[in-house]
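Report on one structure; see the data block that follows.
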Amino acid sequence: MKTFRNWTATAMSLTSFLKPGDEVDQEMADYFINAVPPKTMTTDLIQLGEPHDHFRDQDRKYRPVFATLKRQGGKWFYAGICFSGQSEPARHHLFVTLESEVPDFGFKYYRSLCNPKLQYLQDRFGYWHGLDSTGKPDGPLKAGIVVHICNAGGTRISEETTRQWEV
């Protein structure tokens with residue numbers, strides 16, 4: 001069981017200390033209730049009042065996500081970072097359209113449909129990378145992002161999930 005006391009004794013962020021599925025003590029649940037007014041508070045769900053981040057959902061809406069506890073069998077468990085009122089970890093969605101390809105290198109360049117300033121590269125191994133403002137890769141995308149590949153009109157053609165970078 002992860003305890004509030006153990007967490008405060010570390011220099012770790014809450015989301016580094018807790019992993020989805022971790023059982024937490026009542027003092028941790030009280031922290032979720034009392035730190036700031038909760039975003040969601042029911043008998044079985046508590047969400048911290050301040051958003052942890054913002055993710056684009058499957059409907060292309062940019063929504064806040066919250067650190068979440070859910071009660072099961074009278075015990076509190078960390079559910080992860082979830083959309084408001086939900087107890088399943090939220091997944092960030094990207095909506096992109098193919099801009100160009102470099103077949104000799106196996107590169108495909110994509111542009112975001114939701115924010116045209118954002119560009120992405122899919123390499124020959126299937127890894128996704130963000131591109132900086134000059135078009136150079138600035139690192140792999142985090143694992144677990146859902147990438148919706150769309151045609152120029154915005155209709156979804158296919159879907160992929162980014163995976164952990166393997167060195």
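The values are calculated or read from the model by the stated rules, or taken from the named source; none is laboratory data. Computed from a predicted model, the values in this text were never measured in an experiment. Methodologically, a virtual Cβ is constructed for each residue, glycine included, from the backbone with ideal geometry; neighbour enumeration extends over all protein chains shown.
Tell me which residues, restricted to region 112-158, are of a type in the set (V, I, T) and under 19 Å from V102 (Cα atoms).
If we filter region 112-158 for residues that are of a type in the set (V, I, T), which is where we start, we get 134, 145-147, 149, 155, 157.
Of everything in region 112-158, those that are of a type in the set (V, I, T) and under 19 Å from V102 (Cα atoms) turn out to be T134, I149.
Have a look at A90, A79 and point out the one that is among the aliphatic types (A, V, I, L, M) and in a loop (DSSP other than H, G, I, E, B).
Values: A79 fails: in a loop (DSSP other than H, G, I, E, B).
Checking each option against the conditions leaves just A90.
Specify the residue that is surrounded by the fewest Cβ atoms within 10 Å (Cβ to Cβ); the eligible residues are those in region 128-150 that are over 15 Å from H92 (Cβ atoms) and modelled with pLDDT under 95.
If we filter region 128-150 for residues that are over 15 Å from H92 (Cβ atoms), which is where we start, we get 129, 131-139, 149-150.
From the residues that got through so far, the ones that are modelled with pLDDT under 95 too are 132-139.
Values: D132: 10, S133: 9, T134: 6, G135: 9, K136: 9, P137: 16, D138: 11, G139: 10.
It comes out as T134.
May I ask you to say which residue of L69, L18 is surrounded by 18 or more Cβ atoms within 10 Å (Cβ to Cβ), touching a helix residue (DSSP H, G or I) at 6+ places or on another chain (Cβ under 6 Å), of a type outside the set (S, T, Y) and under 17 Å from E88 (Cβ atoms)? Spell out how you get there, then give the answer.
Values: L18 fails: touching a helix residue (DSSP H, G or I) at 6+ places or on another chain (Cβ under 6 Å).
Answer to the selection: L69.
Within region 41-51, does at least one residue satisfy the condition of being surrounded by fewer than 16 Cβ atoms within 10 Å (Cβ to Cβ), touching a helix residue (DSSP H, G or I) at 6+ places or on another chain (Cβ under 9 Å), not small (G, A, S) and not assigned by TED's automatic domain parsing to the domain that holds G154?
yes
So how many residues does region 115-164 have that are aromatic (F, W, Y), touching a Lys or Arg at 6+ places or on another chain (Cβ under 9 Å) and assigned to a loop (DSSP other than H, G, I, E, B)? Before the answer, list the steps.
Going through region 115-164, the residues aromatic (F, W, Y) turn out to be 120, 125, 127-128.
Now restrict to residues that are touching a Lys or Arg at 6+ places or on another chain (Cβ under 9 Å): 120, 127-128.
Next cut, assigned to a loop (DSSP other than H, G, I, E, B) only: 127.
Going through region 115-164 one residue at a time, the tally reaches 1.
What residue, among those in region 52-66 that are in contact with a Cys (Cβ under 7 Å, 6 or more places away or on another chain) and more than 24 Å from N6 (Cα to Cα), is surrounded by the fewest Cβ atoms within 10 Å (Cβ to Cβ)?
Keep residues of region 52-66 that are in contact with a Cys (Cβ under 7 Å, 6 or more places away or on another chain), which gives 56, 60, 65-66.
Checking which are more than 24 Å from N6 (Cα to Cα) leaves us with 56, 60, 65.
Values: R56: 21, R60: 13, V65: 23.
Residue satisfying both the conditions and the ranking: R60.
If I ask for residues that are in a strand (DSSP E or B), among the charged types (D, E, K, R) and more than 16 Å from S87 (Cβ to Cβ), which ones from region 30-75 would you list?
Our first condition is that a residue be in a strand (DSSP E or B); within region 30-75, this holds for 40-41, 45-47, 53-56, 62-72, 75.
Checking which are among the charged types (D, E, K, R) leaves us with 53, 56, 63, 70-71, 75.
Those that are in a strand (DSSP E or B), among the charged types (D, E, K, R) and more than 16 Å from S87 (Cβ to Cβ): D53, R56.
Let me confirm something: among T42, T15, which residue is farther than 30 Å from C150 by Cβ and free of Cβ contacts under 8 Å to residues at least 40 places away in the same chain? Spell out the reasoning first.
Details: T15 fails: free of Cβ contacts under 8 Å to residues at least 40 places away in the same chain.
T42 is the lone residue from the list that is farther than 30 Å from C150 by Cβ and free of Cβ contacts under 8 Å to residues at least 40 places away in the same chain.
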